[in-house]
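Every number in this text was worked out from the coordinates using simple rules, so none of it is lab data. Note that the coordinates shown come from a computational prediction; the quantities given were computed from them, not determined experimentally. Neighbour counts run over all protein chains shown; Cβ positions are idealised from the backbone, glycine included.
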Amino acid sequence: MKKLGLFLLPILAITLMLGGNAFAQNVGDNSWYFVTYYSNANTSGAPDATLRIVNDGDFSASTLKGEEPFRLYAAIYVFDDSQEMRSCCACEITPDGLLSESVNKELTANEFTGRGQIARGVIKVITSLGDDPTFPAFWYGLRGWMTHIQATTTTFPAPGPGNDVNAVEKGPWLVTEDALADSNLSDTELSNLGTLCSYGLTIGSGYGLCPCTPEDYDF
């Protein structure tokens, strides 16, 4: 008993210093930058993947009663597997709202270069206070998940002109889902994402702006 008492004393002291709420508080992380991948997109026989993002409502809880709650935006940046940005957008998500984006029909359907459909790559998401993906104002309050299309075979055509790996049947397919990965957002990365998006939208003359699904519509 004496040993147990000595063990509990430091915990009690910390609890008192924190106002007695050390065991009652549940502090979440304030991440605002997330990354994930997509694979087997726009591939014959493969199902579509979906990016889903919710507004956790924490930011809106700080507004006064009767005031319009702050709306957050998911600034989304889509890259191919050659590290080139191919599309971008900023989609509004109201408190406790759900945004669902189709990889095939939205995120990769309208891309800058017009070079054809994209099969695999990286998606980056910034929680933003504004609707301009070329100048994201990062904040916190969004959480996201992504479904992934996994091939159960690994047979590919021989490298060479005219051999399109995306045209090969690789099913049956498995669908997995996981949370977007919290990542570090440096000033350089923030600037690069906005600049690449701006250049792409300008040079693409309207192409490359991914459409936003109406809120609370899911696939």
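Which value in nm describes the separation of the simple spin-label points at Asp216 and Tyr199, placed 7 Å from the Cα toward the beta carbon?
It works out to 4.1 nm between the two label points.
Mind sorting Val78, Val122 by how few other Cβ atoms lie within 10 Å of their own Cβ, fewest first?
Neighbour counts put them in this order, fewest first: Val122, Val78.
Sticking with the crude label model, points 7 Å out along Cα→Cβ, report the distance from Asp182 to Thr153 in nm, one decimal please.
Here the answer is 4.1 nm between the modelled labels.
Are there any trypsin sites (Lys or Arg not before Pro) in segment 87-154 that are in a DSSP loop and have at most 10 other Cβ atoms within 10 Å? List them by number.
Arg115
If neighbour count is taken as other Cβ atoms inside 10 Å, put Ser102, Ser198 in order from fewest to most.
Exposure proxy ranking, most exposed first: Ser198, Ser102.
Cβ under 9 Å from Gly141's Cβ, Gly141 left aside: what net charge do those residues give with Lys, Arg +1 and Asp, Glu -1?
-1
Search the structure for amide H atoms under 5 Å from the amide H of Trp139, placed 1.01 Å from N in the peptide plane, and list their residues when 5 or more places away or on another chain.
Thr127, Ser128, Leu129
Report the calculated FRET efficiency for Leu98 and Tyr207 (r = Cβ-Cβ distance, R0 = 25 Å), to the nearest 0.05.
Step by step, r from the Cβ atoms, then E = 0.40.
Which cross-chain or sequence-distant (5 or more) residues have an amide H under 5 Å from the amide H of Ala90, H modelled 1.01 Å from N in plane?
Under 5 Å from the amide H of Ala90 lie the amide H atoms of Ile76, each far enough along the sequence or on another chain.
Provide the net charge surrounding Trp32, with neighbours chosen by a C-beta distance below 13 Å and charges set as Lys +1, Arg +1, Asp -1, Glu -1.
It works out to a net charge of -3.
Evaluate E = 1/(1 + (r/R0)^6) for Trp173 and Phe70, where r is the Cβ-Cβ distance and R0 equals 41 Å; express this FRET efficiency to the nearest 0.05.
Once the sixth-power term is evaluated, E becomes 0.55.
Quick one: 3J(HN,Hα) in Hz for segment 181-191, Karplus 6.51/-1.76/1.60 with θ = phi - 60°, rounded, Gly and Pro as x.
Whole-Hz 3J(HN,Hα) from phi for segment 181-191: 7, 4, 9, 8, 10, 7, 4, 5, 5, 4, 5.
Taking amide H positions as placed in the peptide plane 1.01 Å from N, state which residues far from Leu72 in sequence (5 or more) or on other chains have amide H under 5 Å from it.
Correct list: Ile93.
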